[in-house]
1. State all residues of the stretch 14-29 that are at pLDDT below 90 and not hydrophobic (A, V, I, L, M, F, W, C); if no residue qualifies, say none.
2. Looking at the stretch 24-35, I want the residues that are at positive phi and have a partner that is part of a helix (DSSP H, G or I) with Cβ atoms under 6 Å, at least 6 apart or on another chain. Which pairs are those?
3. Kindly list, by first and then second residue, each pair from a residue in the stretch 74-88 that is without any contact (Cβ under 8 Å) to a residue 40 or more places away in the chain and closer than 15 Å to Asn15 by Cβ to a residue that is among the hydrophobic types (A, V, I, L, M, F, W, C) and part of a helix (DSSP H, G or I), limited to pairs with Cβ atoms under 6 Å and residues at least 6 apart or on different chains.
4. Go through the stretch 29-55 and count every residue that is more than 15 Å from Leu13 (Cβ to Cβ) and either among the small types (Gly, Ala, Ser) or in contact with a helix residue (DSSP H, G or I) (Cβ under 8 Å, 6 or more places away or on another chain) (or both).
5. Quick one: would you say Phe18 is surrounded by 14 or more Cβ atoms within 10 Å (Cβ to Cβ) and in contact (Cβ under 8 Å) with a residue 60 or more places away in the chain?
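The values are calculated or read from the model by the stated rules, or taken from the named source; none is laboratory data. Given the structure is predicted, the values throughout are model-derived calculations rather than measurements. Cβ atoms come from the backbone with ideal geometry, glycine included; neighbour counts cover every protein chain shown.
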Amino acid sequence: MSPFLRLQLLLLLGNVAFIGAWAVAVSRPPGWKWIGAALLAFFVAVRVGGMWVRARKFPDEGRSRRAAIFSTAVAALAVAMWLYTAFRGPA
């Protein structure tokens, strides 16, 4: 398996963790704050960290770096939306 494919699978796993964190925030099972926060932290670490590792390992005229910056901004927005949902509660 190529390193690029492994990195893409890891980024996909980070997205799945975000979807799981969102489901936990909406359903609110016992211990939801800790579970949701752990899944959210995993999402940020894997998604943002993975994009910056990709930018460092596969430089291509700055395109990977721009993608990492964009991914960081989108992850920050996703965390803000999760926190808003967690504090406001499900609709």
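1. Ser27, Arg28, Pro29 - these are the residues of the stretch 14-29 that are at pLDDT below 90 and not hydrophobic (A, V, I, L, M, F, W, C).
2. none
3. Listed pairs, sorted by first residue: Ala75/Val44; Ala75/Val48.
4. Our first condition is that a residue be more than 15 Å from Leu13 (Cβ to Cβ); within the stretch 29-55, this holds for 29-37, 52, 55.
Narrowing further to those that are either among the small types (Gly, Ala, Ser) or in contact with a helix residue (DSSP H, G or I) (Cβ under 8 Å, 6 or more places away or on another chain) (or both): 29, 31-33, 35-37, 52, 55.
Adding up the residues that qualify gives 9.
5. Numbers: surrounded by 14 or more Cβ atoms within 10 Å (Cβ to Cβ): yes; in contact (Cβ under 8 Å) with a residue 60 or more places away in the chain: yes.
So Phe18 fits the description; yes.
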